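Worksheet: the structure to be examined is printed underneath.
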Protein chains: 2
Amino acid sequence: MNNNKDRIKLAHGSGGGMMADLIQDVILRYLDAPELANLDDAAELVIPHNRIAFSTDTFVVKPIFFPGGDIGSLAVSGTVNDILMKGARPLFLSLGLVLEEGFLIHDLRTILQSIKQACDYAGVKVVTGDTKVVGKGDLDGICINTSGIGSILPGVDVSGSYAKTGDSVIVSGDIGAHGIAVMVKRNGLHLKGDIKSDAKPLTGEVLPLLERYADSIHVLRDPTRGGVAATLNEIADSSGVRIYLDESAIPVNDWVKSVCELLGFDPLYLPCEGRFLVFVDSSASVEVMSFMRDTCGCHDVSVIGTVEGESSGEVLLRTISGGVRILDMPVGELLPRIC
Amino acid sequence: MNNNKDRIKLAHGSGGGMMADLIQDVILRYLDAPELANLDDAAELVIPHNRIAFSTDTFVVKPIFFPGGDIGSLAVSGTVNDILMKGARPLFLSLGLVLEEGFLIHDLRTILQSIKQACDYAGVKVVTGDTKVVGKGDLDGICINTSGIGSILPGVDVSGSYAKTGDSVIVSGDIGAHGIAVMVKRNGLHLKGDIKSDAKPLTGEVLPLLERYADSIHVLRDPTRGGVAATLNEIADSSGVRIYLDESAIPVNDWVKSVCELLGFDPLYLPCEGRFLVFVDSSASVEVMSFMRDTCGCHDVSVIGTVEGESSGEVLLRTISGGVRILDMPVGELLPRIC
């Protein structure tokens with residue numbers, strides 16, 4: 001039984017005394033960067049190089065706690081990974097909280113603790129923030145925006161529009177676990193197996209790869225909303241190329257396969273929050289894959305496709321049964337509020 | 001009468017084809033920075049100096065359209081002004097939209113048009129973004145996060161903790177209009193007079209001032225949530241000083257006064273979104289005030305107080321009737337969802 005005092009009130013967003021107490025007693029207990037602690041309207045930061053990556057994401061995942069993570073760890077992972085995908089070392093995050101009146105302060109503490117842990121793991125810090133409170137019924141609990149700044153590594157130049165004929169397409173691990181973990185929890189399914197989201201900051205996987213193989217890497221992308229299928233379609237479209245995907249090479253773990261069969265999902269359309277796609281010169285692909293497995297900890301890394309010529313942007317799937325079909329962009333909405 | 005096709009659907013947030021259409025046909029029609037158009041996960045930017053300001057704010061104002069602005073122009077002004085208050089030239093914004101299923105696409109277009117106009121006025125551009133859609137009932141229409149990056153002007157060093165004994169406190173114009181404009185609209189009041197929010201980007205007011213008087217300015221702050229009272233209390237607290245405020249010098253326009261009397265508000269606690277407070281050496285205050293009036297367009301600029309000694313952080317008000325009282329932080333919530 002939670003008392004009224006354990007819940008967020010409208011006055012926590014007022015700019016007054018109760019808001020100051022919430023910030024001091026709750027938020028700054030977990031987030032302790034000196035830039036944040038002086039509570040100026042903006043943080044003052046020093047950037048090592050003048051070429052930066054800047055990204056933003058708002059997180060509305062439902063439920064907010066799911067196997068393998070919560071909205072806090074997800075909010076850090078999502079923005080950190082977007083910065084990494086631009087070839088940059090993530091440095092600084094902002095944190096914008098919107099809370100519904102009545103939200104449990106205990107849950108907020110749990111989420112802030114997750115944010116802190118994910119930041120420590122990713123090597124970033126929250127340097128500026130904002131907290132708003134809306135009335136009961138005006139929001140489903142909480143939403144979190146994180147924006148982030150990273151320093152682009154010298155010599156690195158990657159973009160979704162740089163895929164080239166002859167590139168190999170590598171995925172860093174098994175796909176779809178984030179989508180399934182959230183859906184299983186949302187639908188109250190009780191299944192055997194170690195079902196958990198793949199969500200995590202990819203700093204440890206991506207930075208060593210970039211430092212070693214900057215010249216060979218053309219595209220980095222994390223297959224979040226819309227999964228591998230949507231992400232590859234975007235890349236094919238931006239780069240004006242045709243991508244062939246080999247279904248048999250795509251790593252999918254057993255419980256993701258089982259739940260997909262049960263619920264009628266295709267793993268290629270499920271979001272990942274701790275996986276990434278790399279397009280490299282095919283001459284470097286074996287070496288890059290070994291490096292990713294042995295040095296970056298990507299145990300299930302796999303070459304899953306190739307870029308085979310220019311086009312208006314097509315993704316073709318060689319199926320396990322031997323046929324070839326077009327892998328389209330998803331059209332409707334399979335998985336609302338998955339991130 | 002609006003058709004179903006004129007409204008946001010869950011699939012607009014899916015990462016699939018409908019989302020790509022919304023971004024291309026609606027969002028990019030108004031926001032056309034090349035950094036945004038390539039739709040990578042993060043924008044690649046070049047910063048002129050390596051000392052930057054970074055800020056974030058989420059906007060939940062209700063109603064979303066109010067006299068003098070809307071949630072879009074407010075979202076730009078709020079973050080641009082927070083960057084200016086750190087002594088920085090605002091350069092880049094991110095835009096995080098969260099939309100409720102059923103939100104009118106026509107309203108989204110109006111808001112995007114406001115965002116574009118405010119960005120042009122402020123000299124900034126939206127370089128990265130994110131759009132999420134949540135189910136009907138999970139959000140009250142729309143919320144917008146903007147985060148921003150600015151380049152701190154050489155030689156400028158301002159902070160809420162730099163107020164010094166002997167400083168003069170200047171306000172750039174009449175206070176409280178944003179709070180009253182939103183409340184009047186929210187409550188459906190029909191009043192005479194040109195009632196409108198003061199919300200605007202302060203680039204044109206603040207940058208010339210900083211370029212000319214960097215050495216004399218110690219604190220810059222915009223009195224948003226909690227108004228002048230909360231902002232001065234924060235500064236007094238951070239700087240460990242006592243601030244005396246002269247009530248008779250505080251500019252409040254007639255219709256703000258009238259509505260305050262009608263509804264029982266104190267203008268000192270009302271948020272402004274287009275005003276700022278400056279703490280300067282008292283020896284420079286007359287010259288700075290003239291410059292603000294004549295060059296920066298601050299017609300109602302006024303010296304409203306002084307810093308008179310160290311303390312644990314007090315704000316004292318010399319009232320019009322001649323008494324002195326403590327001006328406290330606001331405690332409860334007068335004005336939920338005001339920004």
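Readers should treat all values here as calculations from the given coordinates under stated rules, not as data from a laboratory. As the structure is a prediction and not an experimental result, all values here were calculated from the model. Glycine also receives a Cβ, built like all others from the backbone with ideal geometry; neighbour counts cover every protein chain displayed.
Sorting A:LYS196, B:LYS192, B:LYS86 by the number of Cβ atoms found within 10 Å of their own Cβ, with the fewest placed first, yields B:LYS192, A:LYS196, B:LYS86. Derived value for the stretch A:3-152: Kirkwood hydrodynamic radius 15.7 Å. Basis is the mean of 1/r over every pair of different alpha-carbon atoms.
Within a straight-line Cα-Cα reach of under 26 Å, A:LYS86 can be paired with the following lysines, leaving aside sequence neighbours fewer than 8 residues apart in one chain: A:LYS116, A:LYS125, A:LYS164, A:LYS200, B:LYS116, B:LYS125, B:LYS132. Residue exposure proxy: B:MET183, A:MET19, ordered by other Cβ atoms within 10 angstrom of their Cβ from fewest to most, comes out as B:MET183, A:MET19. At a Förster radius of 60 Å, what calculated FRET efficiency corresponds to the Cβ-Cβ distance of A:ARG186 and B:VAL286, to the nearest 0.05? E between A:ARG186 and B:VAL286, to the nearest 0.05, is 0.40. Working note: Cα gyration tensor of the stretch A:126-173, eigenvalues times five, square-rooted, sorted largest first, giving semi-axes of 39, 18, 9 Å. Using only the alpha-carbon atoms, how far is helix B:203-213 inclined from the longest principal axis of chain B? Give it as 0 to 90 degrees, nearest 10. That helix lies at roughly 40 degrees to the long axis. The stretch B:164-222 to the stretch A:1-74: how many Å between their Cα centroids? The distance from the Cα centre of the stretch B:164-222 to that of the stretch A:1-74 comes to 26 Å. Placing a label point 7 Å from Cα along the Cα-to-Cβ direction at B:PRO34 gives distances to the equivalent points in the other copies of 3.9 nm, listed shortest first. Amide H contacts under 5 Å for B:LEU153: B:ALA88, B:ARG89, restricted to partners 5 or more places along the chain or on a different chain, H placed in the peptide plane at 1.01 Å from N. Counting every other Cβ atom within 10 Å of each residue's Cβ, A:ASP174, A:ASP328 order from fewest to most as A:ASP328, A:ASP174.
Its Cα gyration tensor gives the stretch A:232-287 an equivalent ellipsoid. The semi-axes, each the square root of 5 times an eigenvalue, are 25, 15, 11 Å from largest down. In plain terms, the chain from A:ASP294 to A:ASP140 could stretch by 51.2 nm, reckoned as 0.36 nm per residue minus the Cα-Cα distance. Across the options A:SER248, A:VAL169, A:GLY179, the greatest Cα extent toward the positive end of the charge dipole of the stretch A:142-286 (unit charges at beta carbon of Lys, Arg, Asp, Glu) belongs to A:GLY179. Rounding to the nearest 10 and keeping the result within 0 to 90°, find how far the Cα-based axis of helix B:71-84 lies from the longest principal axis of chain B. For helix B:71-84, the angle is close to 50 degrees. Taking all Cα pairs closer than 8 Å and separated by 6 or more residues, the relative contact order of chain B comes to 22 percent. In this simple spin-label approximation, B:SER258 and B:GLU35 carry label points 7 Å from Cα along the Cα→Cβ vector, and these lie 4.5 nm apart. Give me the angle, in degrees from 0 to 90, between the Cα long axis of helix A:227-239 and the longest principal axis of the Cα atoms of chain A, rounded to the nearest 10. The angle comes out near 70 degrees.
Sorted into 20 angstrom bins from 0, the C-alpha pair distances of the protein assembly as shown split as 19, 51, 25, 5, 0 percent. One way to sum up the overall shape of the stretch B:167-326 is the equivalent ellipsoid from its Cα gyration tensor, whose semi-axes run 25, 20, 13 Å, largest first. Ranked from shortest, the separations from the 7 Å Cα-to-Cβ label point of B:SER321 to its equivalents in the other copies are 8.8 nm.
With the convex hull of its Cα atoms as the shape, the stretch A:74-134 has an orientation-averaged projected area of 4.2 nm². Relative to its residue count, chain A spans a Cα convex hull of 141 Å³ per residue. Copy-to-copy label distances for A:ASP6, where each label lies 7 Å from Cα along Cα-to-Cβ, are 4.7 nm in order of increasing length.
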